[in-house]
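In what follows, a structure is listed as structure tokens, so that the remarks can point back to it.
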Amino acid sequence: NVQKEAELLASLQHPNIASIHGVEHNNQDHAIILEYVDGQTLDEHMKQRPFPLKEALRLASSICHALEAAHSKGIVHRDLKPGNIKINSRNEIKVLDFGLSTLITDLHGFPLATASDNESPREEESSSLLSQTALIMGTLPYLSPEQARGRPLDQRSDIWSFGCVLFEMLTGKCLFQGHDPVETLSNTLKA
């Protein structure tokens, strides 16, 4: 349900996460209205040059704080990549596009309870999550191995993707990029 997802994402009030301002519905189409973030994505910046160590570590710390806030609400980003992270005009990090996010699931695909949620998942929500976790969603060079295999995810998947982003920030090179999608997936799965 788009409305529930938007409400959950809107609850992520953190200075390093782009805010959600609303949801619009038009027949079967839904749109989430996000905060406008000026500046460059990490991807745009790295096309010019990698980050110096001190700057990369400062920015990486802000990314970690954003992920920690999402994970504390039971949300996994699932598509953390340089194109979904912006440096605004105040030189602050904003993590964008939680559009592929999902609730953190246990090994059976059931959402893990967060500190504020002690209710067990309803059967229809659980089966929906089970079917969704079998999909490969995200950007190939930044997928964790469990994500590439379509397995249930938890915060470790974002930590993997963060490591890929940090490597690229420091070196200017994508860690698992192959010549084609199959080689990229193979490189990830061999790691």
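Brief remarks follow.
- The portion of the accessible surface of region 33-96 made up by carbon and sulfur, rounded to a whole percent, is 53 (1.4 Å probe; DNA, RNA and ligands excluded).
- Taking a point 7 Å out from the Cα of residue 47 in the direction of its Cβ, none of the residues of region 3-32 has a backbone N less than 13 Å from it.
- On the principal axes of its alpha-carbon atoms, region 1-87 has extents of 47, 27, 19 Å, going from largest to smallest.
- Cross-link pairs 73/190; 94/190; 54/190; 86/173; 81/190; 54/94 - those with Cα-Cα distance over 26 Å: 73/190; 94/190; 54/190
- Two-site FRET efficiency, residue 40 against residue 149, from Cβ-Cβ distance with R₀ of 35 Å, rounded to 0.05: 0.60
- Counting only protein heavy atoms and a 1.4 Å probe, region 7-54 has 69 square angstrom of accessible area per residue.
- Most to least packed among 157-165, 24-32, 46-54 [average Cβ atoms within 10 Å]: 157-165, 46-54, 24-32
The values are calculated or read from the model by the stated rules, or taken from the named source; none is laboratory data. None of these values were measured; they are calculated from a predicted model. For neighbour counting, all protein chains shown are included, and Cβ atoms are generated from backbone atoms with ideal geometry for every residue, glycine included. Surface accessibility is based on the protein's heavy atoms, side chains included, excluding ligands, DNA and RNA. Shrake-Rupley method; radii C 1.70, N 1.55, O 1.52, S 1.80 Å.
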